[in-house]
Every structure is written in C-alpha cells, then in structure tokens.
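K.L.:
Here it is, the structure in full.
A short reminder: the numbers here are calculations on the coordinates, not readings from a lab. Here the structure is a predicted model, which means the values were calculated and not measured. Cβ sites come from the backbone with ideal geometry, for glycine too, and all protein chains shown count toward neighbours.
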Amino acid sequence: MLEVNVTGKFFGDQKILGACKLKLKPAERISILGPSGVGKSTLLRIISGLDTNFEGVVKCPEKLAFMFQGPNLLAWRTCYQNLLIFHPEVSQTGATQMLEQVGLGDKGFFYPDQLSLGQQRRLALARTFLSPADIILLDEPFTSLDPKLKLEMLTLTRTLLDQSKSTLVHVTHDISESEYLMSNAVELKGNPATLHHQASDE
C-alpha cells in the first residue's frame with residue numbers, strides 16, 4: 001500500500017504543492033495529469049524518496065523502480081552492465097531474458113551510443129522492470145517520442161505492468177497515455193497544486 005499525505009512543498013518562499021493525498025492499493029494504477037510546471041515531477045520525487053524536503057508523510061514500500069524522462073544510461077557501460085549494476089541480484093541469463101522481451105536480445109554487449117533513441121528507451125524500460133518492484137514510478141518517459149515509437153513503448157510498458165502486478169504512479173500531460181495503460185487519471189492543479197485520490201476499493 002502506498003500512502004502519501006503531503007501538506008506543503010516550497011521552493012524558496014514559493015509554495016509549489018499544497019495538500020496532496022494519495023492512497024493506492026497493490027497493483028492499482030494512477031496517472032497524475034497537469035500542465036508543465038505544476039509540480040508533477042516534484043511530487044513523484046517526493047514519493048520516491050529522492051526529495052525529503054517537504055511537509056507531510058509518505059509511506060511507500062521499499063521495493064520501487066523509477067523511470068525518468070530521459071533514458072539516464074551509463075555511457076561507459078554495456079547494456080548488460082547498465083542492467084546488472086542496478087540489479088546485482090539478477091543473473092546474466094535473467095538480464096538476457098529481459099533484453100529479449102524488450103527487443104534487445106542481441107544488444108547485450110552494445111554501449112548506449114550504439115543504440116537508437118528507441119532502443120535506449122527500451123533499455124531504460126528493461127532496467128525499470130528487471131527486478132520485482134512494489135511501486136513503479138514513471139516520470140513522462142514517453143515525452144518527445146514520435147507516434148510509432150510512443151505506441152511501441154506504451155505497449156511494452158503495459159505488458160510488463162500486467163506481468164509484474166506492480167502499483168503504478170505515472171506522470172504525464174497526455175490523457176491518452178493513462179487510457180492506454182489502463183490507469184485512473186488524477187489531476188494535479190491549482191497554485192499551490194493539490195490532488196486527492198483514495199484506493200479504488202474505498
């Protein structure tokens with residue numbers, strides 16, 4: 001179960017987030033929508049534990065995975081190494097199986113600069129789902145992709161979510177992404193921005 005009760009987040013004297021309450025049951029999916037600059041990524045960083053400078057309380061399972069807007073790959077590491085350095089408990093066989101699932105089965109010894117943008121995004125997706133996680137956090141990872149590549153990434157993501165049964169918190173400004181991932185849409189709005197969502201069975 002994920003429980004978020006943020007009462008305030010400031011950048012200097014400016015209050016970016018007001019009351020933000022989320023309660024999600026295991027395997028539930030939500031997409032947080034809102035315009036650029038409203039605080040969506042800030043809220044996601046608070047949920048992940050990357051940002052602890054806020055007012056309120058977050059109760060989040062320890063096993064979580066975060067996929068950022070960019071691939072954020074280690075340029076000096078191979079595809080295998082980019083996976084295994086973050087998941088040392090996984091065997092190379094396990095990494096190979098995941099690479100095959102995202103269409104990179106023959107790219108294990110390639111470096112990120114030898115991959116296309118779409119392949120880099122798929123490698124980042126493989127890294128996100130390689131080990132079981134209770135919570136998957138997606139921070140607009142489909143932004144700036146052409147329609148064909150975006151559909152490919154959304155399809156892979158939905159397949160991996162169905163397999164993992166992880167809870168999803170997805171940040172986007174595109175309602176169609178929420179619909180494709182079969183997630184509940186929640187709007188972050190206002191100044192300071194607020195939102196409220198209870199677990200779907202409550």
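K.L.:
Is it possible to state the helix-based mean residue ellipticity at 222 nm for the chain, with each DSSP H run of 4+ residues giving -39500 (n - 2.57), the sum divided by total residues, to the nearest 500 deg cm²/dmol? What is it?
P.N.:
Calculated from helices alone, the mean residue ellipticity at 222 nm is -9000 deg cm²/dmol.
K.L.:
Right, here's the next one. Starting from the amide H of K189, placed 1.01 Å from N in the peptide plane, find each other amide H under 5 Å away whose residue is 5 or more places distant or on another chain.
P.N.:
For K189, the qualifying residues are T194.
K.L.:
Which residues' amide hydrogens lie under 5 Å from the amide hydrogen of M67, considering only partners 5 or more residues apart or on another chain, with H built in the peptide plane?
P.N.:
L137, L138, D139
K.L.:
How much length is gained if the chain between L149 and D106 is pulled fully straight, taking 0.36 nm per residue apart and subtracting their Cα-Cα distance, in nm to one decimal?
P.N.:
Result for the pair: 13.5 nm of gain on full extension.
K.L.:
Among S166, S178, which comes first, second and so on when ranked by fewest other beta-carbon atoms within 10 Å?
P.N.:
In increasing order of surrounding Cβ atoms, one gets S178, S166.
K.L.:
Can you work out the Karplus-derived ³J(HN,Hα) for every residue in region 63-68? Use 6.51 cos²θ - 1.76 cosθ + 1.60 with θ = phi - 60°, whole Hz, and x for glycine or proline.
P.N.:
With coefficients 6.51, -1.76 and 1.60, one gets 7, 9, 10, 10, 10, 8 Hz.
K.L.:
Given the options E100, E89, E187, which has the most mean-square fluctuation in a GNM of the chain, springs set between C-alpha atoms less than 10 angstrom apart?
P.N.:
Fluctuation is largest for E89.
K.L.:
Find the relative contact order for region 1-155 and round it to a whole percent, using C-alpha pairs within less than 8 Å whose residues are 6+ positions apart.
P.N.:
Rounded, it is 24 percent for region 1-155.
K.L.:
Short version: ³J(HN,Hα) in whole Hz for each residue of region 75-80, in order, from phi by Karplus 6.51 cos²θ - 1.76 cosθ + 1.60 (θ = phi - 60°), x for Gly and Pro, what are they?
P.N.:
Whole-Hz 3J(HN,Hα) from phi for region 75-80: 5, 8, 10, 6, 4, 4.
K.L.:
May I ask you to derive the relative contact order of region 64-202, considering only C-alpha pairs under 8 Å and at least 6 residues apart, and to give it as an integer percent?
P.N.:
Contact order relative to length: 26 percent.
K.L.:
Here's a follow-up. What percent antiparallel are the DSSP beta bridges of the chain, to the nearest 5?
P.N.:
Within the chain, antiparallel bridges account for around 40 percent of the total.
K.L.:
What ranking do 60-67, 26-33 get when scored by the average of other Cβ atoms within 10 Å per residue, highest first?
P.N.:
26-33, 60-67
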